[in-house]
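Data block below; observations after.
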Amino acid sequence: FWKASQDAPEGPIDVIDMFSGCGGMSSGFRAVNGLVPAFRLAMAIDVDRVANASYQHNLGLTPREVDVSALAADESELRRLIQSSRRREGKPLVLIGCAPCQGFSSHRNRAGASDGRNSLFVDFAKIASILNPDAVVVENVPELLTNKYWSFVEEARTILQATGYTVYLGVHNMAEFGVPQERFRAVMLALPKRFTPPRPILPTTKFRTVRQAIGRLPAIEAGERDHADAMHYSAGHQPSTIETIRAVPADGGNRPRNVGPPCLRRAEERQGKAVYEDVYGRLFWDRPAITITAYARNPASGRFVHPEQDRGLSVREASLLQGFPSEYWFA
């Protein structure tokens with residue numbers, strides 16, 4: 001559908017993507033046009049220049065480098081920005097908002113509820129109340145819906161409900177929708193009428209697997225770049241890292257307890273039990289991957305080692321496990 005969408009006509013529904021990143025959500029909407037012309041990317045907004053370069057390269061639209069919190073505080077500037085975009089007056093609008101998840105994530109986030117990025121979730125809801133789109137789509141880490149961050153969710157939901165939206169909140173495993181990884185995400189949908197929330201389309205027995213996603217890629221060594229695909233390369237590991245990886249059994253194997261950096265053994269001795277058991281672990285060929293994170297390039301960060309090759313994941317492998325098109329390019 002992604003390939004077919006490149007030559008397909010644009011659809012009648014405008015899409016504005018805030019916190020657009022490298023274009024993952026936008027590319028999903030674009031891919032729908034390969035099935036039936038439905039959507040038209042009208043504007044993207046992000047403060048990350050490198051991510052914006054990826055977005056522009058793949059989607060042909062240059063994101064605006066603007067702070068969403070500033071737009072939420074200045075309605076006149078927001079409206080000027082919309083008027084200068086590809087937004088078509090009178091056409092239906094979908095507003096996407098995947099605020100930076102690092103503020104909410106439990107993974108290496110000590111700032112917790114005080115993290116300034118968390119308020120972006122509320123800022124996005126304020127913008128939605130001004131633009132009054134026909135649909136709002138938000139996704140984030142599941143920690144968003146815990147007590148620690150519930151005040152942000154409640155405030156955003158209250159803003160949307162006061163604007164007249166019916167709001168749905170839930171946690172979904174993206175593997176149930178065809179993504180080849182067990183990726184649990186908090187989803188918030190808002191429409192100006194009652195609606196049926198999404199339901200899983202795949203049973204556990206039909207989940208897409210690591211083999212289906214990356215099994216066709218050619219073998220490479222750590223740090224080596226595939227001559228046919230510039231994105232198929234992994235980090236160049238230290239010899240000690242390679243030695244550790246080689247001791248891990250293929251196809252889902254765990255690091256042997258006597259193998260790896262001394263800090264892991266010291267942590268095990270302190271706690272009197274096995275710790276960080278997924279560190280340096282290999283992915284299973286015939287299961288979905290674990291959640292792919294920003295640290296997936298590093299075998300010391302979790303079960304991010306190739307099922308049989310002695311290296312961490314390549315950029316292409318990580319992107320395919322995320323559901324990106326096979327030729328997607330990253331700056």
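The values are calculated or read from the model by the stated rules, or taken from the named source; none is laboratory data. Keep in mind the model is a prediction, meaning the values are calculated, not measured. Note that we place each Cβ from the backbone using ideal geometry, even for glycine, and neighbour counts take in every protein chain shown. Side chains included, ligands, DNA and RNA excluded: accessible areas come from the protein's heavy atoms. Shrake-Rupley method; radii C 1.70, N 1.55, O 1.52, S 1.80 Å.
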| remark: In nm², the average projected area of the convex hull spanned by the Cα atoms of the chain is 18.1
| said: Which one, N132, S84, P180, is farthest towards the positive end of the dipole of the chain when Lys and Arg carry +1 and Asp and Glu -1 on their Cβ? | reply: P180
| Set of lysines with alpha-carbon distance to K206 below 21 Å, sequence-local pairs under 8 removed | none
| request: Using a cut-off of 9 Å between beta-carbons, work out the net charge of the residues near V47 (Lys and Arg +1, Asp and Glu -1, V47 not included). | output: -3
| field | FRET efficiency, S119 to A53 (Cβ-Cβ, R0 30 Å, nearest 0.05) | value | 0.65
| note | Given unit charges at Cβ for Lys, Arg (+) and Asp, Glu (-), the dipole magnitude of the chain about its Cα centre in debye, nearest 20, is 520
| said: Less than 14 Å apart at the alpha-carbon level, and either on another chain or at least 8 residues along: which aspartates and glutamates does that give for K91? | reply: E10, D14, D134
| Counting only Cα, what are the radius of gyration and maximum Cα-Cα distance Dmax of the range 247-306, in Å? | 11.7, 35
| said: Tell me the carbon and sulfur percent of the accessible area for the chain, rounded to whole percent, probe radius 1.4 Å. | reply: 50
| task | At a Cα cut-off below 30 Å, give the lysines reachable from K148, other chains included and same-chain residues fewer than 8 away excluded. | result | K126, K193, K273
| field | Interchain or long-range residues, amide H under 5 Å from T166's placed H | value | L191, K193
| query | What is the extension gain from K193 to R246, computed as 0.36 nm multiplied by their sequence separation minus the C-alpha to C-alpha distance, in nm to one decimal? | reply | 13.5 nm
| remark: Asserting the computed 222 nm helical MRE of the chain (DSSP H runs at least 4 long, -39500 (n - 2.57) per run, divided by residue count, to nearest 500) equals -8000 deg cm²/dmol
| request: Extending each Cα 7 Å along its Cβ direction at A219 and S84, get the distance between those two points in nm, one decimal. | output: 5.4
| Length gained when the stretch E277-K3 is fully extended (0.36 nm per residue, less Cα-Cα span) | 94.7 nm
| message | Expected output is a single nm value to one decimal: the length gained when fully extending between N147 and R270, i.e. 0.36 nm times separation in residues minus the C-alpha distance. What is it? | response | 41.2 nm
